[in-house]
Amino acid sequence: MSVVHWSLYVNSAVISAAAALVLPNVPVYVYRHGGDEFTASLVLSTFSITMTITSLASTSLLEGVRAGLPICLGCLGYGWALLPFFVHDSVASLAFARALQGVCSGFSFPANVAAALQLGRSAVSKNNFWSNVGFIVGYLASSHVRDPFGICSVLSALAAVFGLPLLTLRIQSQEDVSAYHGYPVAFGAALALTLASTLPNSAITLLAPKYGGDYGLVIAMMTAVGGVAQLLGPRLGELESTLLAVVLCVVSAALGYSLASVLAAGTATGLMYYAANVYSGGGRGVRAVSTAIGVGYAVNQTIVGAILSAGLDGWRFATLMAAAITLVSLLGVRR
């Protein structure tokens, strides 16, 4: 494994751990200060909204830029963005800090995905796998550490350091990347699959802390099976991964909210996200994935939060909608 590969994977793992420490603790903080699921979903969505707006512009600006520049600066900014919350902690300042983190991720995330796609299908699956490993570690620690937001800042700085070797890699155009690796470019499918993957993830982030206990462990287990699914992606193929994801989402909905259902949904989201990355084709095509992640979490977290606040079954809604959107995504794939 080259230094560039190593740098990409470690950077992904560390910044994902930083993000995972914060994510479940955002609703926990809101709940402790008298807010409900809908309020928590709005605070979570501020990140997604600003990330979407930023990535719409950043993806076209990144081509020809050394990948390490947006990745390192974005990771560093992700940690410093929490400064407003550190100065005066409140639900409002946390929402503002999350919005700033979204701006930083709007540069670092598309650059990370584009770099992985340049290195091939195996690099895509391994990069996503190590990102999931970081999320797992962060989620496992999230319900136990005393200062998740402070540790997030430290890890963000470390992620920037680990990403420095990526300064040797320039981000190529989507046309060159897809032609070299033979990616079946389908922006519509990439967008739909990413959008679908955000539904179960939005639901679990709101549900697990609500039920209390070791919520980080539940989210980590869902993330872990998604990571394993990432490694299976290149072996199964993009089309087969998509079809299997549909089946798993339907099974998850039929089971209702349970550990088995969470694991089925986690596997499905891993397969969806692998296929979405490949269908994006790299370069400017990463905009489809970046946009769908931002829009998906901003919209879906709010919708699922509203459904849960009304006393309805947000888990079945999320998994069935994910199955439907994944199935529709196949219409955008040329055969």
Counting only protein heavy atoms with a 1.4 Å probe and every protein chain in place, the carbon and sulfur fraction of the accessible surface of region 1-177 in whole percent equals 71
So, relative contact order of the chain in percent, Cα under 8 Å, 6 or more apart, is 29
Expressed per residue, the solvent accessible area of region 1-86 in Å² (1.4 Å probe) is about 37
Computed about the Cα centre, the charge dipole of region 179-334 from +1 Lys/Arg and -1 Asp/Glu charges at the Cβ has a magnitude in debye, to the nearest 20, of 260
With +1 at each Lys and Arg Cβ and -1 at each Asp and Glu Cβ, the charge dipole magnitude of region 155-261 around its Cα centre, to the nearest 20 debye, comes out at 200
Only helices counted: for the chain, with every DSSP H run of 4 or more residues adding -39500 (n - 2.57) and the sum spread over all residues, [θ] at 222 nm is -27500 deg cm²/dmol
For region 1-60, the Cα gyration tensor yields equivalent-ellipsoid semi-axes (√(5λ), largest first, whole Å) of 30, 18, 5
Any helix of the chain counts here only if DSSP assigns it H throughout, its Cα atoms span 20 Å or more along the axis, and its mean Kyte-Doolittle hydropathy is at least 0.5, and such helices are 3-22, 37-61, 91-118, 148-162, 187-211, 215-236, 238-255, 259-280, 286-309, 314-329
Distribution output for region 179-334: share of Cα-Cα pairs per 10 Å bin in percent, first bin at 0, values 13, 43, 33, 10, 1, 0
Packing-ranked peptide list from 232-238, 153-159, highest mean Cβ count within 10 angstrom first, is 153-159, 232-238
Expressed to two decimals, region 226-308 has a Cα Rg over Rh, using the Kirkwood radius, of 1.01
Ranked by GNM mean-square fluctuation in the chain (Cα springs under 10 Å), the top entry among 294, 74, 213 is 213
With all protein chains in place and a 1.4 Å probe, residue 221 shows an accessible area in Å² (nearest 10) of 60
Using alpha-carbon positions, the gyration tensor of the chain gives root eigenvalues a ≥ b ≥ c; with a/c under 1.5 called rounded, otherwise prolate if a/b exceeds b/c, else oblate, the class is oblate
Region 211-290 and region 104-134 have their Cα centres apart by a whole-number Å value of 16
The Rg/Rh figure for region 1-177, Cα atoms and Kirkwood Rh, to two decimals is 0.99
On the formula 1/(1 + (r/R0)^6), with r taken between the Cβ atoms of residue 65 and residue 154 and R0 of 22 Å, the FRET efficiency rounded to 0.05 is 0.25
For the chain, the dipole about the Cα centre with charges only on Cβ (Lys and Arg +1, Asp and Glu -1), to the nearest 20 debye, works out at 380
Region 17-64 and region 67-97 have their Cα centres apart by a whole-number Å value of 11
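The values are calculated or read from the model by the stated rules, or taken from the named source; none is laboratory data. It should be emphasised that the depicted structure is a prediction, and the values quoted were computed from it without experimental measurement. With ideal geometry, Cβ positions are generated from the backbone for all residues, glycine too; neighbour counts draw on all protein chains shown. Areas reflect the complete protein model, heavy atoms only, side chains present, ligands, DNA and RNA absent. Shrake-Rupley method; radii C 1.70, N 1.55, O 1.52, S 1.80 Å.
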